[in-house]
Amino acid sequence: MTSPLLDLPGAVAGDGIDAEVAAHYGSLYGEQRALAAGEGFVDLSHRDVLRISGPDRLSWLHSLTSQFFEGLTPAIWTRALVLSPNGHVEHAFDGVDDGEAFTAHTEPGRAAALIDFLERMKFMTRVEIADVTAETAVAWRPVDGGRFDLVPRDQLTSYAEAAGPAAGLWAYEALRIERGEPRFGVDTDERTIPNEVGLSGVHLDKGCYRGQETVARVHNLGRPPRRLTLLHLDGSENRLPAPGTDVTVPGQDKVIGRVGSSARHHELGPIALALLKRNVPVDAALDVAGLPAAQEVLVDPEVGLHFRPTR
């Protein structure tokens, strides 16, 4: 699903799973500054989109996911997770209900597995699930703290003309990393539990759902096995660490974490997100493949002792 916006002036395609949209349009820092000022939009049309309809959709999603769906107000975006029985994050999605159906988007290539899981959990529930990636695209605008738009795919060009200026995915990623917002499958792995990455998409005051016992136990004990951390990287070398790069303490060989996503920020310089072991001192200097790094705490290692998130 290559985006038609790659035909815009200056557009340079991304790579990997982001190759179908623009990494930038010729001005990385200018695009970041525009987004930070609340201007423009980001093309996320490479993300997968699914639609869940039927009268039981919200109560059904409420029972399956980590989020509170019962009585969800139309037009209000929400984030939810599907967890394994042991509390590990298996799927993550953002979505919005329009009063008739809930439309969600997830990482490129992830919809098929999510739909397969949901289909197996339907039983006698009155819901219908469809992959609508071919007709529906996703964009993001920096209004009201950041808002997703669902755009008919054949209207992306006219949307861009109205919502411009366009900013590439590199600018979006830099601001996302600055916010400490993890990207599923890049900043998380098969062992990640929500407590390690800030409990985004988790509602702690709802009924039982798969994986809830782990989330509640770690929250009440206040000691997640790992913690998401914002790294401020030394900028003297013109390089960024690849996802999965080991994090160590200078002078020691022991691996104490791994890097997920990284970016060049227009004010902060090179930054990255990393999952570190919870017992790593929060003021410890770190090394990322030869790059010195300082920590900015995102998830307190004692988070559950005094943190009560709201949905």
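The values are calculated or read from the model by the stated rules, or taken from the named source; none is laboratory data. Treat the numbers as computed from the prediction; the structure is a model and nothing was measured. Neighbour counts run over all protein chains shown; Cβ positions are idealised from the backbone, glycine included. The accessibility values were calculated without ligands, DNA or RNA, using every heavy atom of the protein model including side chains. Shrake-Rupley method; radii C 1.70, N 1.55, O 1.52, S 1.80 Å.
Structural remarks
- Test result for GLY198, farther than 26 Å from ALA174 by Cβ, at pLDDT below 95 and open to solvent by less than 40 Å² (accessible area, probe 1.4 Å): no
- Some residue of segment 36-50 being within 19 Å of the chain's Cα centre (by Cα) and farther than 19 Å from GLY146 by Cβ: yes
- The lone exception for GLY109 - which of (1) small (Gly, Ala, Ser); (2) open to solvent by less than 20 Å² (accessible area, probe 1.4 Å); (3) touching a helix residue (DSSP H, G or I) at 6+ places or on another chain (Cβ under 9 Å); (4) not assigned by the TED database to the domain that holds HIS24 it fails: (2)
- If you go through segment 190-224 and keep only what is of a type in the set (A, V, I, L, M) and part of a helix (DSSP H, G or I), you end up with VAL197, VAL215, ALA216, VAL218, LEU221.
- Scanning segment 224-243 for residues that are surrounded by fewer than 17 Cβ atoms within 10 Å (Cβ to Cβ) and either within 28 Å of PHE69 (Cα to Cα) or touching a helix residue (DSSP H, G or I) at 6+ places or on another chain (Cβ under 8 Å) (or both) gives a single hit, PRO225.
- When residues in segment 2-23 are screened for being over 17 Å from GLY40 (Cβ atoms) and hydrophobic (A, V, I, L, M, F, W, C), 3 of them pass.
- Within segment 174-191, being crowded, with 23+ Cβ neighbours inside 10 Å and out of contact with any helix residue (DSSP H, G or I) (no Cβ under 9 Å at 6 or more places or on another chain) holds for one residue alone: ILE177.
- Residue in segment 147-170 that is more than 15 Å from VAL42 (Cβ to Cβ), part of a helix (DSSP H, G or I) and among the hydroxyl-bearing types (Ser, Thr, Tyr) present: yes
- Candidates ASP43, ASP94, ASP48, ASP56, filtered to the one that is within 16 Å of THR133 (Cα to Cα), in contact (Cβ under 8 Å) with a residue 40 or more places away in the chain and surrounded by fewer than 21 Cβ atoms within 10 Å (Cβ to Cβ): ASP94
- The sole residue among LEU221, LEU286, LEU276, LEU231 that is under 23 Å from GLU31 (Cα atoms) and of a type outside the set (S, T, N, Q) is LEU231.
- Residue count, segment 15-39 (criterion: in a loop (DSSP other than H, G, I, E, B) and surrounded by fewer than 20 Cβ atoms within 10 Å (Cβ to Cβ)): 8
- Qualifying residue in segment 48-61 (condition: among the hydroxyl-bearing types (Ser, Thr, Tyr) and either assigned by the TED database to the domain that holds TYR159 or closer than 21 Å to PHE184 by Cβ (or both)): no
- Selection within segment 74-83: residues that are touching a residue at least 24 places away in the same chain (Cβ under 8 Å) and out of contact with any Ser or Thr (no Cβ under 9 Å at 6 or more places or on another chain). The member of this set that is farthest from TYR209 (Cα to Cα) is PRO74.
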